[in-house]
Amino acid sequence: MNQAERELIEVGCEPATQHEGGGRFWRQILLNRNVLALCLMYLPNSFVFYFCITWFPTYLKERHNFTTLSLDFFTGLPLLLSVFSVVLGGVTMDRLITRFGERVGRCGLGAAAYAVAALALLIVPSCSQPIGAAVLIAVAMAANTFTISVAWGTCIEIGGNDAGVVSASMNTAGQIGSLLCPLLVAYTLKWFNNWDFSIYVMSLLFFVGVACWCIIDPSKKVLATLASL
C-alpha cells in the first residue's frame, strides 16, 4: 500500500497499546458485564447451528416422516436462507446504526432477531404440518445468522484494541453450545424418546439471548473499563 492508503486506513484508529497478560487481565476481561453478556448470548447461535448440521435430517425423518426427495431440500433450507440473512443482517445493522445509533443498530437488532428465532422454535412442537415445522426451524436459523455481523461487530466496538480477546471469548463460549447440542438431543431421545424437549431448549436459549442483548451496551468499551481499574 502507499502512504495515502495507510493514512486512510488509520483514520479513527485507536493508538497502539501494550497488551498485558496474566490472571488479572483475564479476570477483568471475563468478569466484564458486556463480555459476559456476549458470551451467554452466543450460546444459542452455535447450539441451533449444530442442531441443523447434525440432528435436523433425523428429526425431519423420524418426527415428521419426510421422504427422501423432500428431506434433501428441507435439510438444506436453513443453511440456504442463512446465506442471504447473514448479508442482510450486516446491511440492516449499518443502516440502523447510521439512523438510530449503536444501541438500536446493534442491541435492538440482535434482540429482535433472537426474539423471532425464539418464537419460531416455540411454535414448532405444536405445528401439525411437517412442512410448517421445517420452515419454522429454517426461519429460526435464518434469524440466528442475521445476527452474525451484529455480534462480531459489537465485539469490535466494545473491544477496541482488545477486540481479538473479546471476539475469541465470545466464540469460545459459543462452542460450548456446539458441544452440548448433539449430546442433549441424543440423551433426551434415549431417555424420553422426545424431540420437542430439544426444540424448547433452543427456544429458551434464544429468549435468554434477547435478555443478554438488552444488557449489552456498545458505548462501554472494555479497554476503558480496564483502564479505570
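The residue among CYS181, GLN28, THR98 whose Cα reaches farthest toward the positive pole of the charge dipole of the range 26-228, with charges on the beta-carbon of Lys, Arg, Asp and Glu, is GLN28. If you take all C-alpha pairs in the range 32-92, what percent of them are over 15 Å apart? I get 63 percent for the Cα pairs in the range 32-92 exceeding 15 Å. With each label modelled as a point 7 angstrom along the Cα→C-beta vector, the LEU31-VAL83 pair spans 4.7 nm.
Every Cα-Cα pair of the range 85-183 was included, and the share exceeding 19 Å stands at 52 percent.
The SER70 and PHE197 beta-carbon pair, evaluated with R₀ = 30 Å, returns a calculated FRET efficiency of approximately 0.75. Normalising the average separation of contacting C-alpha pairs (under 8 angstrom, six or more residues apart) by the number of residues puts the relative contact order of the chain at 35 percent.
A Cα-only calculation for the range 26-228 places Rg and Dmax at 17.5, 60 Å.
Dipole size of the chain about its Cα centre, with +1 on Lys/Arg Cβ and -1 on Asp/Glu Cβ: approximately 480 debye, rounded to the nearest 20.
Taking a quarter of the surface of the Cα convex hull of the range 123-229 gives a mean projected area of 8.3 nm². Legend: helices of the chain (whole DSSP H runs) are marked when their alpha-carbon atoms reach 20 angstrom or more along the helix axis and their mean Kyte-Doolittle hydropathy is at least 0.5; marked are 68-100, 109-123, 130-145, 163-192, 196-215. Dividing the helix sum by the residues of the chain, where each DSSP H run of 4 or more adds -39500 (n - 2.57), gives a mean residue ellipticity at 222 nm of -25500 deg cm²/dmol. Placing +1 on the Cβ of each Lys and Arg and -1 on the Cβ of each Asp and Glu in the range 26-228, which of LEU77, GLN129, MET170 has its Cα farthest towards the positive end of the resulting dipole? The residue sitting farthest along the positive end of the dipole is MET170.
Values in this text are rule-based calculations from the coordinates and carry no lab data. All values derive from a computational prediction rather than experimental measurement. Note that we place each Cβ from the backbone using ideal geometry, even for glycine, and neighbour counts take in every protein chain shown.
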